[in-house]
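Please read the structure below before turning to the comments.
The values are calculated or read from the model by the stated rules, or taken from the named source; none is laboratory data. Keep in mind that this is a model prediction, so the values were computed, not measured. Virtual Cβ from ideal backbone geometry, glycine too; neighbours counted across all protein chains shown. Surface areas here come from the heavy atoms of the whole protein model, side chains and all, with no ligands, DNA or RNA. Shrake-Rupley method; radii C 1.70, N 1.55, O 1.52, S 1.80 Å.
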Amino acid sequence: MSHIQIHATNINGLGASQVVISFLDAFVKSENSDKAMIHLPNCGILKGYQPSKGMVKRFNRMLPNSISRLLECLFSRFFFENIPTIVLGDIPLRGIKDQVVLVHQPNLIYPKINYSSSTSLIFRVNRFLFTINHKFAKKIIVQTGAMAKDMIASYPSIKDKVIISPQPVPNWLFQEKIVEFKNNDKVVLFYPAAFYPHKKHDFLLKINNFIKVHNIDISNFEILLTLTKEEFASLKGIKFLKNLGRLNSVEMNNYYRKVDALLFLSSMESYGLPLVEALTINLPIVTVKFDYATWLCEDLAYYFKPYEEKSFLTAIDNLTSDLKKNKSINYNKVLSKFPESWKEVVYVYENALND
């Protein structure tokens, strides 16, 4: 019998998969890894991932994903051992006594707490599952104080269970700091994000319309996106946009070194990993002034008011002015709240499990 199990059967997204891989790469170096059962999906990025230690069991979904996931969370004892468990996929497992659960799905927050949270059926079901299952969680781990605040407001009874544990950047990021900024005529911003509604790519349409109506010169900036050809279709005619397509880790590192700043438009995040990546390599940041962003970046980003075109363009102007002055940037104080390694993150989970 395994001494511990790690549950990540529902992880398919790029960012979440990178978190799981980074966590497991560190976990296999711990003394608990030899007799660990690691439950991974049989699809997506993690399908091809094999940790160097521990027993891996692939979770095959015979039913549609939503139904399979519902049954998995409600009848967990039929699928998994009742042993100490680290859940990396948001929803506690029903009937498993000792669990530490990582919540990195912002749509678990109720819309009455955060208006950006999805009202779709799938997330209504997920919130229901979290409501009836969180009593089985020993500790619930979130990545920022902003996420902790909204989760506790949504589920007040978890207040004493919540641990705030930020994470370092994924292992693929080349962490040498940028010390020289470009001094080109055009400021280039990089927005590495998938085409989810909360990533607010539609705001770029509003900016384009605002620019046309007010006859504003846009020759001083360009925004690089990472969308598929189909996703970019609705934005194709916008002159200040350039689509790079999906990027692998090597390409991501290369573009981080080519651009002048990170752009981040998301309306809600459990963390905001690109922000942490930019902070780590000393890249300027232009982002929306939401709680998740101010918790991460404090007063060191170029903020604009949520989805106000004029405020956005003012932030770009401020960035441009500072880049021309070669104004230095220092994130050291902000970075002090992030762990230096994934080994520290694993220790937080193991300590919470043994508490």
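Laid out as a table, the results:
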quantity	calculated
Conditions (1) polar (S, T, N, Q); (2) open to solvent by less than 10 Å² (accessible area, probe 1.4 Å); (3) within 16 Å of residue 85 (Cα to Cα); (4) touching a residue at least 24 places away in the same chain (Cβ under 8 Å); number of the one not met by residue 30	(2)
Members of the range 33-48 found to be open to solvent by 20 Å² or more (accessible area, probe 1.4 Å), assigned to a helix (DSSP H, G or I) and of a type in the set (A, V, I, L, M), listed by number	45
Residue 276 being at pLDDT 95 or above and either open to solvent by 10 Å² or more (accessible area, probe 1.4 Å) or on the phi < 0 side of the Ramachandran plot (or both)	no
Considering residues of the range 86-117 that are hydroxyl-bearing (Ser, Thr, Tyr) and either within 24 Å of residue 54 (Cα to Cα) or within 16 Å of the chain's Cα centre (by Cα) (or both) only, the residue most open to solvent (accessible area, probe 1.4 Å)	116
Scope the range 253-297; condition among the acidic types (Asp, Glu) and closer than 24 Å to residue 111 by Cα; matching residues	269, 291
Test result for residue 59, open to solvent by less than 60 Å² (accessible area, probe 1.4 Å) and within 23 Å of residue 353 (Cα to Cα)	no
Test for residue 53: is it part of a loop (DSSP other than H, G, I, E, B) and surrounded by fewer than 21 Cβ atoms within 10 Å (Cβ to Cβ)	yes
Close pairs (8 angstrom Cβ cut-off, 6 or more residues apart or separate chains): open to solvent by 60 Å² or more (accessible area, probe 1.4 Å) and basic (Lys, Arg) in the range 318-347, at pLDDT 90 or above and not in a loop (DSSP other than H, G, I, E, B) anywhere	343/26
Residue within the range 280-293 that is part of a helix (DSSP H, G or I), buried (at least 16 other Cβ atoms within 10 Å of the Cβ), in contact with a strand residue (DSSP E or B) (Cβ under 6 Å, 6 or more places away or on another chain) and among the small types (Gly, Ala, Ser) present	yes
